[in-house]
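Structure, as structure tokens:
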Amino acid sequence: MGSAACYHLARRGKRVLGLEQFDLPHELGSHHGHSRMIRQSYYEHPDYVPLLQRGYQLWDELNELCGNKDPGQRIFHRTGGLYLGPRDGAIVPGALAAACEHGLDYQLLEAREVEQRFPAFRVGDGFVGFFEEDAGFIRPEKALRAHVNLACSHGAEIRTGEEILDWQENGSGVTVRTRRGMVEGGHLILTAGAWSGRMLRDLETGFSVTRQVLAWFDVAADRAGASLLLGDFPCWFIETEAPYGHYGFPMTEFGQRGFKIALHRPGEEMDDPAGERTGVSEEEIASLQGVLRKWIPDADGPLLASCTCLYTNSADGHFVLGPYPGNGNVTLAAGFSGHGYKFASVMGEILSDFACEGATPHPVEFLSPQRFA
């Protein structure tokens, strides 16, 4: 969110300084892992859909600005998205409600229709499919680099390895204290991810930071595997633990090779996001393999790689976005709760609006930090 905000501010001709405590990109937060799903039939809340529609335009624009014609270099890939769940569950009815409210194209598929269209799936009894053709995935590391490079081309300064210790509103602007010294600016945008809690002072958001496991598997030895490849296979979500579930992506040869799967549900809570992290356990890998064995047996092959990332969960699962209560020169964007990266492009525009105008035309009132003030 911060790299996108730097780009949108710089392209408006503003003097911009971006501060990052680690490198760009890095593997200590929430933006690594080579793929993030993007979809418009948003089961979490229909009010997110207008933001996604603008986000799609800006992701397409970023692809064009970076001239990525080679599929292996593209930032935004449209693959289609298949969501499987009970007819009366959370995922399919929620996606259907968002699609109907905003006039989005979709297809409802019975279990056998899903298996005929995507033979790699084995659909459980009582489950149906919701297919969204315009869904796909973003490559987060490439997107972050693109936003940073474009911001710098418009005159922004980006400093890495510079941790913010605290900040103070000073009447005409904001003073920020880092490990290298003091910085003064007219406006501060806080996009600190899992470290947001340290920046919030008296704002009680109820953020929790949780450890999440990602893994990549090879094709099962006795399967051809062609149906799992990018171009043939959709991004997918299965409501295995209502209202949460497992999700994944087509098999790719760029980034991390393999068939990626993860569990979308707040995991083990971490008191210190910078603290020592445990590796991925055998039990966690076995749990993911069990899901593949049941639902997508073609992908139940050897483990190729695994890692962890972080969710920063708000108390209600919705983003915390807007002017910092009681601080007119500070804007907050945090608590994306494991479903935020797809919005990074439009968040950059929204955060730039708040910093420059004090308001945004985008419909984000339902995400305001005032609900926690």
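Bear in mind these aren't lab numbers, they're just calculated from the coordinates by the rules spelled out. Every value quoted in this text rests on a predicted model; they were computed, and no experiment measured them. Cβ sites come from the backbone with ideal geometry, for glycine too, and all protein chains shown count toward neighbours.
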Query raised in the report: Could you give the dipole magnitude of the range 48-204 about its Cα centre, charging the beta-carbon of Lys and Arg +1 and that of Asp and Glu -1, in debye to the nearest 20?
Result: 560
Requested in this report: Starting from the amide H of VAL128, placed 1.01 Å from N in the peptide plane, find each other amide H under 5 Å away whose residue is 5 or more places distant or on another chain.
Outcome: GLY85, ARG87
Query raised in the report: If we count every other residue with Cβ under 11 angstrom of ASP47's Cβ, Lys/Arg +1 and Asp/Glu -1, where does the sum land?
Result: -3
Report summary line: Residue-normalised 222 nm signal for the chain, counting each DSSP H run of n ≥ 4 as -39,500 (n - 2.57), nearest 500 deg cm²/dmol, is -7500 deg cm²/dmol
Query raised in the report: For the range 116-227, with equal point scatterers placed on the C-alpha atoms only and solvent neglected, what are the log10 I(q)/I(0) values from the Debye formula at q = 0.13, 0.19, 0.20, 0.22 1/Å, to two decimals?
Result: -0.84, -1.27, -1.34, -1.44
Report summary line: Fewest-first ordering of THR360, THR331, THR178 by Cβ atoms within 10 Å yields THR178, THR360, THR331
Requested in this report: Using only alpha carbon pairs under 8 Å that are at least six residues apart, calculate the relative contact order of the chain and give it in whole percent.
Outcome: 24
Query raised in the report: HN-Hα J couplings of the range 198-214 from phi, Karplus 6.51/-1.76/1.60, θ = phi - 60°, integer Hz, Gly and Pro as x?
Result: 6, 9, 9, 6, 8, 8, 8, 8, x, 4, 10, 10, 10, 8, 10, 9, 10
Query raised in the report: Using a Gaussian network model of the chain with C-alpha springs under 10 Å, which one of THR205, THR160, THR312 is most mobile by mean-square fluctuation?
Result: THR160
Report task. Within 10 Å of each residue's Cβ, count the other Cβ atoms and sort MET270, MET182, MET37, MET1 from fewest upward. Result -> MET182, MET270, MET37, MET1
Report task. Report relative contact order for the range 155-285 in percent, whole number only (criteria: Cα-Cα under 8 Å, sequence separation at least 6). Result -> 19
Report task. Amide H neighbours of GLU268 under 5 Å, at least 5 residues apart or on other chains, H built in the peptide plane: list them. Result -> ARG211
Query raised in the report: Around ILE189, which amide H atoms from residues at least 5 apart in sequence, or from another chain, sit under 5 Å from its own amide H, with H modelled in the peptide plane?
Result: THR331
**Report entry** Alpha carbon centroid spacing (whole Å) that separates the range 250-289 from the range 149-201
**Finding:** 30
Query - Residue order, fewest to most beta carbons within 10 Å, for ILE189, ILE285 - result: ILE285, ILE189
Query raised in the report: Applying the Karplus parametrisation 6.51 cos²θ - 1.76 cosθ + 1.60 with θ = phi - 60° to the phi angles of the range 257-262, what ³J(HN,Hα) value in whole Hz is obtained for each residue in order, glycine and proline being reported as x?
Result: 5, x, 9, 8, 9, 8
Query raised in the report: How big is the C-alpha Rg of the chain next to the rule-of-thumb value 2.2 N^0.38 Å, as a ratio?
Result: 0.99
Query raised in the report: Which whole-number percent gives the relative contact order of the range 1-126, counting Cα pairs below 8 Å spaced six or more residues apart?
Result: 22
Report summary line: Compactness check, the range 85-176: C-alpha Rg relative to the 2.2 N^0.38 Å globular estimate gives 1.87
Requested in this report: Give a residue-ordered list of calculated ³J(HN,Hα) values for the range 244-254 (Karplus: 6.51 cos²θ - 1.76 cosθ + 1.60, θ = phi - 60°; whole Hz; x for Gly, Pro).
Outcome: 9, x, 9, 9, x, 9, x, 6, 10, 10, 10
